[in-house]
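Undergrad: I'd like to ask you about the structure that follows.
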Amino acid sequence: VPFAMEDTQSVATLIDSTTSKIQQLQKAFAELESHRAVTLNLKWKQLEEHFHGLEKSLKRRFTELEDQEKEYETKTMKAREMLEKREAAVMAKEHTSLERLQEKRNAAVSAIANAFQKHRKVSFPEPVVVSSEDQGGAPIVEEKPPDAMTTENNFKDMRKYSANEIPEVKAYPQLVKLCQEMNSEGLHKFISDNRKSLATVREEIPTALKAAGDPASLILDSLKGFYSLEVSNLDGKKDPNLLGLRRTCIMLMECLSVLLTNLDPSFVSNVITGNIKERAKAIAEDWKPKLDDLDVDASNGNSLEAHAFLQLLATFGIDSDFDQVDLSKLIPMVSRRRQTADLCRSLGLSEKMPGVINVLVNNGRQIDAVNLAFAFELTEQFSPLSLLKSYLTEARKNSSAVKSGNTSSTVQNEVNERELTALKAVIKCIEDHKLEEQYPVDPLQKLVLQLEKVKADSKRATEVAKPQPKRPRANGVGHAPRVTNFSADKNFYARVTDRYPQYIYDKPYVYHGHTDAHVPSLLGSATYTVPPGHGNFFGNGFQYQATYLH
């Protein structure tokens, strides 16, 4: 038990006064010896040594007690500091949770307020002002009955989809005419011809669709030819015309979704009627068996066929007619598409995402797994840093295995290119999700520079090794063949058609998070059928840096 401050001072004072007490005792002993009648066997020297021994023992014990007291105080201070740090960490987490809760609360209140405001506009219309020349031209306020105003508002909203009212399209008014005419083929051609301004076209299509008598039917008509009978599934991946048509089909379905989102919910059923749903369901049932022929590994998470199928279900609201487990198995095929997170939420697949992420991780597609983990707030269950590090470790392991053998320079260059692409993909993922503090990119940037230098050196060596053709002399003397008709030979080289280009999205590769809470996975028992070649890094590991395609 530590001494109190006053007790410690009193003990120290008593120990310091020991010497004076011994001196007093010595004088008393000498006086006693001078009056002795008999010789005493006890000598003063012995007494003095005894008392000095007691003094040293007391001082040593007192010093030990002081050291124990200081050690106890040090331990107490450290424990107090640790408790303060833990308390600060808990308070910070509580503050963060409260901020998130407040954001969700504000979003909910805002949505309720907007809905209430729309309802109020319909239920309580503003009075109509009618000018009158009587009474000096003073305006007369005439209020219409609520039922009459509601009917009139409904008529105005419905009239937006008739040909009598022309929506305002600033950049491309031709879109309005094509929609009025229900010309799906002309719509495809117009989008192809204006592919350089695709972002502007995409923004104006939802407005132009208001001019169509039946916008949903127009979009369904535009899906004809998505699976061309003349082109096999394998050749379709190489046909630029078909690829462009498929991207346009997906974009048109997205534009219809934008239009439906901006509509009042009570009028959505006027656009997506029962007949429209039956047509969409028939198309979906026709497309679904064709998805069985797709290879998840070959699509590399960028399958247009799977994306179009899922978009069809989401846009026309027919996902309830299909099994959610089957739909969740298609997500790895579209994991690189920028719309994947929104599609999953629209189809009600948020609960299945832990299982989908596990499939991606187990098949060497950690970059996609990280993006989906951030999009669905699953980073605690799937650590982004661990996934990225394992991705690089696997890339380097496969690269080292190839480099250690006797391989040609071409194979070495391909291996270096794949490793370089993997590094760039990891760096981009770190920057997109702001993980620089937890995972510094400087060492990775140095590796990128080294590989790019090796790549440049190898390219120069290859160019030097190639035989150089003879060049004609400046005075025209030489053995070079003379070109007589250059324009006639232009078509000698094969050209890719310009009708359906590789549309590129303007937005960067990033999944946006969602404020809704996500329920833990219900996909634990689901079995995914994945081709056996999925584990190979070079089959699926170097594709993530590619730009998102439309």
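The values are calculated or read from the model by the stated rules, or taken from the named source; none is laboratory data. Bear in mind the structure is a predicted one, so any value in this text is a computation, not a measurement. So basically every Cβ, Gly included, is an ideal-geometry build from the backbone, and we count neighbours across all protein chains shown. Heads up: the accessible areas ignore ligands, DNA and RNA and are worked out on the full protein's heavy atoms, side chains in. Shrake-Rupley method; radii C 1.70, N 1.55, O 1.52, S 1.80 Å.
Undergrad: In region 245-267, how many are part of a helix (DSSP H, G or I) and open to solvent by 40 Å² or more (accessible area, probe 1.4 Å)?
TA: Number of matching residues: 5.
Undergrad: Quick one: count up the residues across region 295-340 that are part of a helix (DSSP H, G or I) and either assigned by the TED database to the domain that holds residue 218 or at pLDDT 90 or above (or both).
TA: Residues flagged as part of a helix (DSSP H, G or I) and either assigned by the TED database to the domain that holds residue 218 or at pLDDT 90 or above (or both) within region 295-340 amount to 26.
Undergrad: Answer with yes or no whether residue 229 is open to solvent by 60 Å² or more (accessible area, probe 1.4 Å), at pLDDT below 95 and either in the same structural domain as residue 341 (by the TED database) or not in a helix (DSSP H, G or I) (or both).
TA: yes
Undergrad: Test each condition in (1) acidic (Asp, Glu); (2) in a helix (DSSP H, G or I); (3) touching a Gly at 6+ places or on another chain (Cβ under 8 Å) for residue 377 and report the one that comes out false.
TA: Here residue 377 meets the rest and fails (2).
Undergrad: Also, I was wondering about something else. For residues in region 398-438 being open to solvent by 30 Å² or more (accessible area, probe 1.4 Å) and modelled with pLDDT of 90 or more, which is nearest to the chain's Cα centre (by Cα)?
TA: The residue in question is 432.
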